[in-house]
1. Take segment 130-157 and flag every residue that is among the small types (Gly, Ala, Ser), over 13 Å from LEU113 (Cα atoms) and within 12 Å of the chain's Cα centre (by Cα).
2. Before we move on, is ARG210 of a type in the set (D, E, K, R), surrounded by fewer than 24 Cβ atoms within 10 Å (Cβ to Cβ) and in contact with a helix residue (DSSP H, G or I) (Cβ under 8 Å, 6 or more places away or on another chain)?
3. Assuming GLY189 fulfils every condition listed in (1) more than 25 Å from ALA279 (Cβ to Cβ); (2) within 16 Å of the chain's Cα centre (by Cα); (3) not polar (S, T, N, Q) apart from one, which condition is it?
4. In segment 231-248, what residues are charged (D, E, K, R) and within 27 Å of LEU280 (Cα to Cα)?
5. Looking for whichever is under 16 Å from ILE92 (Cα atoms) and either in contact with a strand residue (DSSP E or B) (Cβ under 9 Å, 6 or more places away or on another chain) or free of Cβ contacts under 8 Å to residues at least 24 places away in the same chain (or both) here; the options are SER169, SER163, SER126, SER119. Which one fits?
6. Could you say whether any residue in segment 82-102 is out of contact with any Leu (no Cβ under 6 Å at 6 or more places or on another chain), of a type in the set (Gly, Ala, Ser), buried (at least 24 other Cβ atoms within 10 Å of the Cβ) and closer than 18 Å to ASN294 by Cα?
7. Is it the case, given these coordinates, that ARG128 is charged (D, E, K, R) and either at pLDDT below 85 or out of contact with any Ser or Thr (no Cβ under 8 Å at 6 or more places or on another chain) (or both)?
8. Among the residues of segment 242-258, are any modelled with pLDDT under 90, within 20 Å of VAL143 (Cα to Cα), within 14 Å of the chain's Cα centre (by Cα) and surrounded by 24 or more Cβ atoms within 10 Å (Cβ to Cβ)?
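The values are calculated or read from the model by the stated rules, or taken from the named source; none is laboratory data. Predicted model only: the values in this text are computed from it and were never measured. All Cβ positions, glycine included, derive from the backbone under ideal geometry; neighbour counts span all protein chains shown.
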Amino acid sequence: MKQSRYRKTPDETDEGQPRSPASRRENDAPETVDSSKVASAAFEHVNGEHYFLQKASTAELKRGAPESVTASNSRHSLVRPASFVTVDPARIDPHLVTLYHSDPLAAQQYRRLVVSLISLAAPRPSTRVLVTSAKHREGRTSVALNLAGALAQAKRRVLVVDSDLFRPSVLRLLGADVEAGLPEGLANGLPLAEMAVKVLPFGFSLLGTRSHVENSVEVLGSQALRANLELLQSDYDFILFDSPPLLASPDAELLLSLADTALLVIRPGVTTPAQMARALAMFSKEDLLGVVLNRSVSSSFVDE
């Protein structure tokens, strides 16, 4: 997309990582960092509108991390998964505000972002959006899932691809599981259209990753993935990639080549201006749709 916009969206979880009670109280307090200093570097790279979203203060759900596996482990023994997965709303992470309805104000801000996404994507039959961050613990998985929920509510066909193969989080935040997902489908030569499941009752689809994958470059850099994404284009209006952090994994650069545009999630107080500048340097202005400020409190910006 030729026009980039700068966006701030609602507070989300630190990707579902368990916290102690003391840490939880500390993290639920308002951020004291001056986010205008962090945002200033973004304005040098991206000019446009900005929005300020408030943080939710609900506690995160605690779930154990899955064990490491290799994508090829299930070769020749894979059973095609069911075409849908039903999510229990009581089990999803409460920071998924477009699904959990825990923070109506934050959900409304996602709907505003969705209006811009739909408008900017209008010339394309389908748009692939990379949702990434500079570092871990900035909430990019929550942003991706909240966008998926808001887009589905806007009657758009949405596919979420859990492409953080080192630390997959999508299924954990949804409190769900699938029989097989992205790595297993590619390893067994199955069409990814058959591996995608509809997430009920929310209406978007998911290509999940169940656990850590050792050979991530082999999966994400494969010609099979590119070919499958081309085949999926006609089935979805938006394909959202939940990406690993730009500064933590070379996988993010592979995913940049698969996407049409990108949203960079930044949490003031976690990402420093220097780190944000390094992450922004990986994009051209045409490639970056906007910057999402997560869990930020500042007197410099006011909601319009």
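1. SER133, GLY139, SER142
2. So ARG210 fits the description; yes.
3. With respect to (1) more than 25 Å from ALA279 (Cβ to Cβ); (2) within 16 Å of the chain's Cα centre (by Cα); (3) not polar (S, T, N, Q), GLY189 is out only on (2).
4. ASP237, ASP242
5. Being under 16 Å from ILE92 (Cα atoms) and either in contact with a strand residue (DSSP E or B) (Cβ under 9 Å, 6 or more places away or on another chain) or free of Cβ contacts under 8 Å to residues at least 24 places away in the same chain (or both) holds for just one of SER169, SER163, SER126, SER119, which is SER169.
6. For segment 82-102, residues out of contact with any Leu (no Cβ under 6 Å at 6 or more places or on another chain), of a type in the set (Gly, Ala, Ser), buried (at least 24 other Cβ atoms within 10 Å of the Cβ) and closer than 18 Å to ASN294 by Cα: absent.
7. Spelling it out, it is not the case that ARG128 is charged (D, E, K, R) and either at pLDDT below 85 or out of contact with any Ser or Thr (no Cβ under 8 Å at 6 or more places or on another chain) (or both).
8. Yes, segment 242-258 has at least one match.
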